[in-house]
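Starting off with a structure, shown below.
The values are calculated or read from the model by the stated rules, or taken from the named source; none is laboratory data. Note that the structure is a prediction, hence the values are computed from the model and not measured. Here the Cβ positions follow ideal geometry from the backbone for every residue, glycine too, while neighbour counts run over all protein chains shown. In case anyone asks, the SASA skips ligands and DNA or RNA and just uses the protein heavy atoms, side chains included. Shrake-Rupley method; radii C 1.70, N 1.55, O 1.52, S 1.80 Å.
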Amino acid sequence: QVQIVESGGGLVQPGGSLRLSCATSGIMFTRYNMGWYRQAPGRQRELVASITSGGSTNFADSVKDRFAISRDNAKNTVFLQMSSLKFEDTAVYYCNAKLGLYNVWGQGTQVTVSS
């Protein structure tokens with residue numbers, strides 16, 4: 001059974017940091033491209049960051065130089081380190097595992113940036 005489980009969300013002040021984790025099971029993790037997406041109320045889901053099976057990364061312009069994505073293939077887990085958080089980073093963050101046309105999503109974790 002495939003499982004994608006995000007954790008690490010919460011309430012943080014502007015300028016603060018959070019580290020999101022996405023633990024997977026039931027997939028051959030090393031073959032999958034992994035991504036973090038987010039969806040704010042009233043807005044479409046958008047790509048935040050991605051990392052390929054080979055370790056290449058890509059970031060949305062809005063988070064470049066503030067966020068980092070990494071993966072631990074031994075633990076079948078992908079991470080999103082978020083720094084210098086802004087009000088506009090508030091959203092539900094979703095983890096995605098993709099292999100070809102096959103996509104699996106997690107349930108999401110809420111990140112709220114508020115003073």
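Within the bounds of the range 15-34, is there any residue that is in a strand (DSSP E or B), open to solvent by less than 40 Å² (accessible area, probe 1.4 Å) and of a type in the set (S, T, N, Q)?
Yes, because at least one residue in the range 15-34 is in a strand (DSSP E or B), open to solvent by less than 40 Å² (accessible area, probe 1.4 Å) and of a type in the set (S, T, N, Q).
Select from the range 81-104 the residues that are open to solvent by 50 Å² or more (accessible area, probe 1.4 Å), under 21 Å from Ser53 (Cα atoms) and polar (S, T, N, Q) and list them in ascending order.
Matches in the range 81-104: Gln81, Asn103.
I would also like to ask the following. Taking the condition surrounded by 12 or more Cβ atoms within 10 Å (Cβ to Cβ), of a type in the set (Gly, Ala, Ser) and farther than 21 Å from Ile4 by Cα, does Ala40 pass?
Here the answer is no, as Ala40 does not meet what is asked.
Evaluate the following for Gln1: is it more than 15 Å from Val111 (Cβ to Cβ), in contact with a Gly (Cβ under 7 Å, 6 or more places away or on another chain), assigned to a loop (DSSP other than H, G, I, E, B) and open to solvent by 40 Å² or more (accessible area, probe 1.4 Å)?
yes
Now, a different point. I'd like to verify a number: residues in the range 68-91 that are more than 14 Å from Leu47 (Cβ to Cβ), in contact (Cβ under 8 Å) with a residue 60 or more places away in the chain and assigned to a strand (DSSP E or B), how many?
3
Within the range 69-85, which residues are of a type in the set (Lys, Arg) and out of contact with any strand residue (DSSP E or B) (no Cβ under 6 Å at 6 or more places or on another chain)?
Lys75
Which residue is nearest to Phe87 (Cα to Cα), if the candidates are limited to the range 4-14 and must be open to solvent by 30 Å² or more (accessible area, probe 1.4 Å) and not in a loop (DSSP other than H, G, I, E, B)?
Ranking the candidates gives Leu11 first.
Being touching a strand residue (DSSP E or B) at 6+ places or on another chain (Cβ under 8 Å) and not in a strand (DSSP E or B) is the filter here, so list the residues in the range 52-61 that pass it.
Passing the criteria: Thr52, Ser53, Gly55, Ala60.
Does Ala49 fit the bill of being open to solvent by less than 40 Å² (accessible area, probe 1.4 Å) and in a strand (DSSP E or B)?
It is true that Ala49 is open to solvent by less than 40 Å² (accessible area, probe 1.4 Å) and in a strand (DSSP E or B).
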